[in-house]
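Presented below is the structure to which this report refers.
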C-alpha cells in the first residue's frame, strides 16, 4: 500500500498547517460545486443565443489565486482546456497589484490566452475577500459566430483576443467592447450573451464571498487545497490499481476537413501510481483540426479520469500523477499560427485512442470506440423576411452519435460522447429562430457495430432551408470506422447527403437554396465481444425493434 | 351529527388514517396494513374501522365525512418499478426516436457504464405519422388520418392499454392531436389516451412528449385504482367529493387526478412535507430536513426559513416531467428494502422491496430474503414478537435464520450482519440528504432532522450521526404524518395559458382576455369544489422574458384595471426581478409576456395541533417494560427501557439506551442520546 493512497481521515491533524475535519472539507467542496452549478444555470437562463440558452454550450468554474482549478461545473470537458491556462496567462500579462475588484478579463486566443478555439470566449473576474484576491470566477460561452471563414491558419478563423480588461473596476471598457462586436456577425447576440456571462460571474463573486464570510477565507482556501490533494490521492490510488506496463494504440484521423488520413498513436505507460501518455502525430496541418496543448490536456484528463475513477473531483489535483507529451508543432500540440476551430473532432479521436490503449490494461472497465466525432452543422445567411430582415444569422449545432459498447452492456444510442456534451436544440425553438425546418431526427438503422454487446446508434437530422443559406458540415469516421473490442464489429460511418438538385459541396462547405434539404448522419459506435455471443433475448429484441447493424 | 374531516395516506406497506372532528378539531389516527394488489381495499377498510372506532359511525360510516383527502404512491411506485401500462406512441413522422434521444446528453459525464432511464415505449410501438404544423400554427402537412388508424390498429393488435400522442407545435394549435385522439379513442375505446396539449401545453417537444408518455404510462393503473376507491367510498356512504393530493402539496378532485396521474408522482411525500412545515413552525424550527422513511422508499426535503422549494419541472426517477411539484428527493431505501450480496461480494440494500406482501421475512408470509425490518427485529430495536400495537405477530426466528444464512456467506457474525444492513441503508439515505442539502449549498449540520414515516424514527439518530446533525425531532404521530398533512393543506389549483405577446399598449385587450380566462377557470374550480366566496384567494401572475431569452421570470399582477399603468407596473416588476436574478436590465430590448397564470387557493379549517404546558411528572411513569436491544455502541444486547408514547407528556425527559413504542412507529434512542418531550408532544433528541 502506498502512502499517498491513504484516505484523508487517517492523516494526523497536526500534519497540516490548517487542520480541517473531512466533513468541513466535504461541505465546502459541495458548496464550491453548487456555486459553479448556480453560475452555470445563471448563464444559461440570462442568455439569448440558442447555443447557450438551449444547447448549454458553456461552462463555469472557480479557480484559486494561482489559477488552479478548484471546481468545474459538469458541462463540457473540453472547456477545461480553455480554462486551465487562462488565469496563468492573464497573471503573466497583468501585474497582480493592478488587479482590482470589478475588473473583468475577456479572452479567447489559442496562443496568447490559453484557449482551444476562438468562439469559446472566456470571462474571468477576480474575487476579493477582505481586500485581498482570494479566487477567480471564470466562465466560457461558445459564441456561435465567426462563421463562413477560412481555416488555413488562425488569423482566418475570427478575432483573436488576448486576456484583456472588458471592465476596469466595474466600468465597461466601451472601446474594447465596440472593437469586439464590430468583428462579430451577430453582434446583438454577442452582447446579450456577454451580459449573461457577466451575470454568472457576479453570482460567483457573491456566493464565494458568502462562503468565506461563513467559514473564513483561510478555511475555504485550505479546504480548496485539501480538495486538490484529495483528488490527487484518489487518482494515484486508482492508477496504482491498474496493472503496470506500456500500452500502445494506433488509429487514424479522417474527416471532412482533411484530405489524407492522419496517423495518431499513443503510448500509455503505467508505473505504480503515475501514468505517462506520449502522443505521436504528423506535423500540424492547414486545416482547423489541430489541437493546442491545453485541448490535449483537457481531453486526457477527461478520459483517464473516466476509466481510472469517475468519482475523482474535477479539479487540478487529478492532473498531478499524469505526464502528457506531444511534439510541439504536431497536430496534437500545435503552434502558432495553426488553425484550431474544428479541434473537437480530433479531441474525440484522441479520447478513443486512450481508451484503446487502456483496454489492454483493464479490458472490463472500458468501452469500444465511440462514434469518435462531434458532428457539426453550421448554417448562416442574411434574413430575407420578417422583423430581422437584412440581418446576418448563424446557427450552429452539434449532433450526438453512438456510444461504444461496454464490457457487459450495449452502447448508448444517440448521445454526445467524451469531450462534448451539449443538448440538442428543440425543434420548436430551432424553427422559431431560424429559416430552417427539421424534417427528421432519428436513430440510424445499420449504424451500430455488431457484437455480444452492440455499439450505440448514430443520429440522423434532415434540414430543409426556407431561405438561402451557407452551410458547413463537419464529422469524422468518413473513411475509417469506429473499432470494436474483443471480436466486436465496427460501427457505421459519418456522412451527409443533399437534395438531388443541390450543387455538390466544396468538401464540407456549400450553399442551400430555399427548399433544398441536407441530411447529416453521425457515426455509430463499435461493438464489444463476438456477435455470435449475443444473447437470444437481445437478438429477439433487436428484431422486434427493427435494429440492424453496420456492414463489416 | 358531528362532521368529520378525514386524511388517508396509502403507502406501499401501511395505510394511515387521520380524523378530525370538526367541532373540537382534535386529531385521531389509525393505521392498517396496505393491500398492494388493490390499495383501495385497505383504504376503505381502514377508514371504516377508524370511523367506527372514533366516530361511532357503523352503517354508512362515511356519511358524516365532509372532506376526504388522500395521498397515494400508486403513480410513483408504478414509475419506479416500471410497472405501468403497455403504452403506444403516435408522433410526428421522423421523430419516433425522440423519446429515446431526449436532449442527446449522456446520463453521466464521466461514468462510462451509466445507463439512460428505461424507455417507456418500445421502438416497435412508436409510430410516426405524416402531419406537420409550423411554429405559427399553420399546417404544412395535413394529418394523415389513415396512418393514425393503421397505428391505432397495430397498437390494438399488440394489446396496448394506453396511447400517448405528441405532435410538434401541439401547444400552439392542438387540432391534429385532437383529431388523432378521436380516431384512437374510436378504435381503442378502452385505452387511456393522453395528448400532449392536454397535460403540458408548453414549448419544448421532448419534455412535453415525456410528460404525455409518463401520463399515459400511469393512466390505466391510476384510473383503475381511483374508480375502485370511489366505488368503495361511495358504498360506505361518502357523499362529499373525495380529493387526491398533487405533487405540489395542493389537492385535486378524483376525476382530475385520474386524467393527470403524472401530477401525482409526489402525491404521498408532498403531504408529509406540508405537515412537517406546520409542525416545525409550531416547534420553533424553521430550518428542517424532513426524513420520511416508509416501507419501500425514503423521501427527503429541505425546508429553509419555513418553506420548501417549488419547481415547475423536475426529473422524477429519471424522467423529465413538466408539472408543479415540491423539491423532494426520493431514494429506494425503506423498511422493506431487501438486503443482498452482490456479484462483487459486497452487501447491498434496496432498491428492491419486499413491500407489504409477502413483506419482510419476519411476517412469515414466505419471503426468505432479509430486509431492513428483519435486521431491526433481529437487533430487537423493533419489538421481536408483535408490531402495530400488538395487532400483528412477528417471527424473529425466521428473520434470524435468513440473516444467519447471509452472515455465513459474508463470514461475519449474525448481529454484525444485521447491524451492517442498517449501516448500508443509512449511508444510502445520507446520500439522498446530501442531494437536497450540501449539493444545493446548505450545510445539514445547521438543520434539525425531522423524522417520520413508519421507519423514520427508528433510523433517525443513526442517520443524524452520519451527517453530524445535532438535533432530531420526532412528531407525536410520525407514522401518520402524511395523513395529518392532508388536513393541514388548503385546497389549491393553478391555471395557465401560454400566449406570446409584447408588453406594450397594443396588447392590452389580449392581456385582459388572457387574465380573464385564467381567472374564470379559477372561479369555475371554486364552484366545483364548493369553496365559499369568503375563503377564495386568487393570485394572478405573468411570466415574462426579454425577446430572445428562453426562460421566464414570474411577476405578480398588481390590483386594478388592465391599463397602461398595469403594464408599466408589470415591466417594472420584471426589470426588478431580472436585476435581482441576473444583475442587469437589457435597456431597449422588448419584453414579452409568455404565460398568464392564476393560482387559486380555497382556505380550509385546519386541524389544531396540541400545545400543553410542561408537567412535572417524571418519565419513569411512562416505562412499560424493558427489552434487550443490540447496539453497536455496546457490541452486545443491552437492557433498554420501553416507553409508552401515549404516556410521555410535555416536560418529561430521559436518556438512551431506550425505545419508545406507539401504534404507528418505534423511536430508537441509542446510548448517549438525550430525549425530551416539547409542548406539542414532539420528542426532541440531542446528540452529543
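Inter-chain neighbour count for A:429-441: the average number of beta-carbon atoms from partner chains within 10 Å of each residue's beta-carbon is 4. When shorter helices are ignored and each DSSP H run of at least 4 residues is given -39500 (n - 2.57), the per-residue value for chain B at 222 nm works out to -10000 deg cm²/dmol. Computed from Cα positions, the angle between helix B:145-158 and the longest principal axis of chain B comes to roughly 20 degrees. All alpha carbon pair distances within the protein assembly as shown were sorted into 10 Å bins beginning at 0; the resulting P(r) in whole percents reads 2, 9, 16, 21, 22, 17, 9, 3, 1, 0. Fewest-first ordering of B:426, B:497, B:618 by other beta carbons within 10 Å of each residue's beta carbon gives B:618, B:497, B:426. The separation of segment A:276-300 from segment B:99-171, counted between C-alpha centres, amounts to 41 Å. Going from the fewest other Cβ atoms within 10 Å to the most, the residues B:527, B:31, B:365 appear in the order B:527, B:365, B:31. One-quarter of the Cα convex hull surface for segment A:447-538, in nm²? For segment A:447-538, averaging the hull's shadow over all directions gives 6.9 nm². Taking the average, over residues, of other Cβ atoms within 10 Å as the packing measure, peptides A:293-301, B:373-381, A:531-539, A:83-91 rank B:373-381, A:293-301, A:83-91, A:531-539 from highest down. Applying 0.36 nm per residue to the separation of residue B:37 and residue B:150 and subtracting their alpha-carbon distance, the gain on full extension is 37.2 nm.
Computed from the C-beta positions of residue A:260 and residue B:136, the FRET efficiency with R₀ = 56 Å rounds to 0.70. Relative to the longest principal axis of the Cα atoms of chain B, helix B:414-436 runs at roughly 30 degrees.
Compared with the dominant principal axis of the Cα atoms in chain B, helix B:175-187 is inclined by about 60°. Across chain A, Cα pairs under 8 Å and at least six residues apart give a relative contact order of 13 percent. Does chain A classify as rounded, prolate or oblate by the C-alpha gyration tensor (a ≥ b ≥ c root eigenvalues; a/c under 1.5 gives rounded; else a/b over b/c gives prolate, otherwise oblate)? Cα axes put chain A in the oblate bin. Taking every residue in A:44-55 and counting other chain Cβ atoms within 10 Å of its Cβ, the average works out to 4. Would you kindly calculate the mean projected area, averaged across all directions, of the convex hull enclosing the Cα atoms of segment B:83-216, in square nanometres? Computed as one quarter of the Cα hull surface, the answer is 8.2 nm². By the count of neighbouring beta-carbon atoms within 10 Å, fewest first, A:518, A:182, B:246, A:432 end up ordered A:182, A:432, A:518, B:246.
How crowded by other chains is A:416-426, given as the mean number of beta carbons from other chains within 10 Å of each beta carbon? The per-residue average across the peptide is 4. Shape verdict for segment B:491-602, please, from the Cα gyration tensor: rounded (a/c under 1.5), prolate (a/b greater than b/c) or oblate. It is prolate, given that a/c is not under 1.5 and a/b is the larger ratio. For the peptides A:376-389, B:552-565, B:9-22, residues were scored by their other Cβ atoms within 10 Å and the scores averaged per peptide; the highest-first order is B:9-22, A:376-389, B:552-565.
Values in this text are rule-based calculations from the coordinates and carry no lab data. Everything numeric here is computed off the predicted structure, so don't read it as measured data. So basically every Cβ, Gly included, is an ideal-geometry build from the backbone, and we count neighbours across all protein chains shown.
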